[in-house]
Amino acid sequence: MFTTGECPSSIPATPGDGSAFFADLDRRYRVPLIRYFAKRIREAYDVDDLVQEVFIRLVRQAEIESVVQIDSYVFRTAANVIRDRARRQAARHHREHDNLEESELPANDISPERVLLNNELLSVAIEALEELPENTRRVFVLRRYEGMRHEEIAAHLGMSVSGVRFHMDKAKAHLARRMEQAE
């Protein structure tokens with residue numbers, strides 16, 4: 001892991017004075033831990049957080065100053081930090097998420113203009129639905145808003161399945177025309 005002369009144990013930490021002991025650990029292990037994590041994880045932006053997590057765990061360990069093999073202990077803690085991170089990511093399905101920076105979604109698309117435009121489009125859609133013949137409108141509403149299948153609509157309204165399809169096509173074409181005119 002370390003080349004000769006680079007091993008952190010070559011400069012012993014002095015037990016007794018807690019803050020001096022941890023300052024010494026930080027000075028001795030921060031750079032080697034950064035290298036350790038940089039070799040083992042893909043996300044470079046997480047390296048500093050992982051190093052910090054190692055030091056937090058070391059501080060929380062009540063008997064840290066009495067550890068004989070401090071080098072092994074520090075890097076065993078680092079290995080545990082990586083293992084815990086992997087478990088958290090697996091539990092949260094980390095790899096299945098997209099970063100917001102990579103997303104094509106607008107960051108803030110709730111402007112007053114956008115709200116007004118959507119309200120106008122909604123009004124056009126409602127008007128277009130009201131312009132449809134009664135049977136066509138009923139078929140459309142049962143399919144789109146009630147989630148019924150064509151066969152269920154046909155049985156409910158007493159018409160053929162092909163009649164339901166005809167009315168759905170008619171309704172969708174009318175709504176598409178009206179929405180296109182509105183834009």
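The values are calculated or read from the model by the stated rules, or taken from the named source; none is laboratory data. What you are looking at is a predicted structure, and each value in this text was computed from that prediction instead of being measured. Cβ: placed from backbone, ideal geometry, glycine included. Neighbour counts: every protein chain shown. To get the accessible areas, we keep the full protein, side chains included, count just its heavy atoms, and leave off ligands, DNA and RNA. Shrake-Rupley method; radii C 1.70, N 1.55, O 1.52, S 1.80 Å.
Which of the three applies to region 127-183, rounded, prolate or oblate, going by the alpha-carbon gyration tensor with a ≥ b ≥ c and a/c under 1.5 meaning rounded? It would help to have the intermediate numbers written out before the result.
Working: a/c = 2.32, a/b = 2.18, b/c = 1.06.
Since a/c reaches 1.5 and a/b is larger than b/c, the shape of region 127-183 is classed as prolate.
So how strong a dipole does region 107-183 carry about its Cα centre when Lys and Arg Cβ are +1 and Asp and Glu Cβ are -1, to the nearest 20 debye? Walk me through the intermediate numbers first.
Numbers: 11 positive and 13 negative charges, 71 e Å.
Using only the charged Cβ atoms, the result is roughly 340 debye.
Accessible surface for Asp48 stands near 100 Å², nearest 10, in the context of the full protein assembly shown (1.4 Å probe). Judged by the ratio a/c of the largest to the smallest principal axis of the C-alpha gyration tensor, region 111-153 counts as oblate, that ratio being 1.5 or greater while a/b is no larger than b/c.
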